Amino acid sequence: MQAGTAIRGQDRCQDVSPANTRAYNLTMISRFHFSSVLPQDGEVALPEALAHHALRVLRLREDEPLLLFDGSGCEVEARLVIRGKHGFAQLGARHAISRESPLQVVLVQSLASGDKMDWIVQKAVELGVTAVIPVQAERSVLRLAGERADKRRAHWQQIAVSACEQCGRNTVPEVGPLQPLAAYLDGAREAHKLILAPGGERPLVEQPRPAAEVHLMIGPEGGWSDAELAACHGAGCIAVGLGPRILRTETAGLAALAALQARWGDF
């Protein structure tokens with residue numbers, strides 16, 4: 001994965017209303033991510049998991065309105081059709097609606113234990129990140145490799161999808177493969193990298209407005225090691241701080257994202 005890449009495809013949004021940023025979910029219409037490319041019109045069968053959630057969990061009824069998106073940047077109005085135990089959607093108007101932030105931020109998150117990574121991915125997507133890159137740090141409590149790492153990545157990607165369903169985004173950020181910090185630094189030589197660390201050289205708010213994509217680097221529960229900080233400094237990372245308090249790994253990145261959005265994004 002190239003950093004900042006997301007599940008995109010806006011060239012498919014041809015037959016659309018004028019692009020806008022209309023408010024989402026004012027009428028609480030159920031909103032779902034469709035895992036395949038949505039056709040321009042007609043009727044589509046809902047994937048099994050989507051149909052189960054709509055019919056069994058939410059208990060939606062025949063002809064109820066839906067909003068579907070497939071990650072292309074479009075949002076499609078639809079009506080629920082029920083035949084026996086199966087759900088279908090009758091497609092309607094298609095809208096090219098962007099709720100993406102003008103600030104492109106990639107969250108480079110050290111592995112966190114328990115369900116902290118789930119929380120971080122979910123809230124980072126809600127806060128507008130363009131991608132999440134998990135990295136293995138020296139002091140990461142959680143250790144993943146091979147099939148376990150692949151399964152966990154797929155799990156986090158689904159969390160990103162669900163977060164988009166909730167917050168109204170029509171473009172799904174990609175959760176990249178887990179990689180060692182050294183591998184990330186080697187592949188992100190040209191990126192504008194901000195690393196949060198206690199005693200950072202300057203407060204985050206004193207940073208100049210970024211000209212391009214920003215990589216926000218967050219350490220693990222035990223913090224970055226001295227060797228990692230030295231490697232990051234050698235790779236051109238800029239150390240920044242978030243005030244005199246030391247924040248947990250699941251707090252620091254989200255607080256920084258909110259601060260960046262307030263300064264240069266769409267808050």
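We did not get these values from a lab; they are worked out from the coordinates using the rules stated. Owing to the predicted nature of the structure, the values given are computational and were not obtained by experimental measurement. Counting neighbours? That spans all protein chains shown, and the Cβs are built from the backbone with ideal geometry, glycine included.
Expressed as cubic angstrom per residue, what is the convex hull volume of the alpha carbon set of the stretch 169-267?
Per residue, the Cα convex hull of the stretch 169-267 comes to 124 Å³.
Using alpha carbons only, how many degrees (0 to 90, rounded to 10) separate the axis of helix 146-167 from the longest principal axis of the chain?
60
Within the stretch 175-209, list the GluC sites (Glu not before Pro) lying in a DSSP loop whose Cβ has at most 12 other Cβ atoms in a 10 Å radius.
190, 201
Summing -39500 (n - 2.57) over the DSSP H runs of n ≥ 4 in the chain and dividing by its residue number, what mean residue ellipticity at 222 nm do you reach, to the nearest 500 deg cm²/dmol?
Mean residue ellipticity, 222 nm, calculated: -8000 deg cm²/dmol.
Taking the Cα atoms only, what angle lies between the long axis of helix 116-126 and the longest principal axis of the chain, rounded to 10 degrees?
Relative to the chain, helix 116-126 is tipped by roughly 60 degrees.
By the scheme Lys and Arg +1, Asp and Glu -1, what is the net charge of all other residues having a beta-carbon under 15 Å from that of residue 209?
-1
Non-local amide H neighbours of residue 192 (under 5 Å, H modeled in plane, Pro and chain starts lacking H): which ones?
Residues meeting the amide H criterion: 215.
Over the stretch 211-267, how many percent of alpha carbon pairs lie in each 10 Å bin up to the one with the longest distance?
Result, from short to long distances: 19, 50, 28, 2 percent.
Quick one: check the C-alpha center-to-center distance for the stretch 124-153 versus the stretch 235-253, whole angstrom.
18
Springs between alpha-carbon pairs under 10 angstrom, Gaussian network model over the chain: which of 151, 85, 193 fluctuates most?
So, out of 151, 85, 193, the one fluctuating most is 85.
In the Gaussian network model of the chain, springs joining C-alpha atoms below 10 Å, which of 177, 244, 203 carries the largest mean-square fluctuation?
So, out of 177, 244, 203, the one fluctuating most is 244.
Taking a temperature of 10 °C and a viscosity of 1.306 mPa s, what whole-number D in µm²/s does Stokes-Einstein yield for the stretch 105-264 with Rh from Kirkwood over alpha carbon pairs?
Result for D is 101 µm²/s.
Please compute, over every Cα-Cα pair in the chain, the percentage with a separation greater than 32 angstrom.
29
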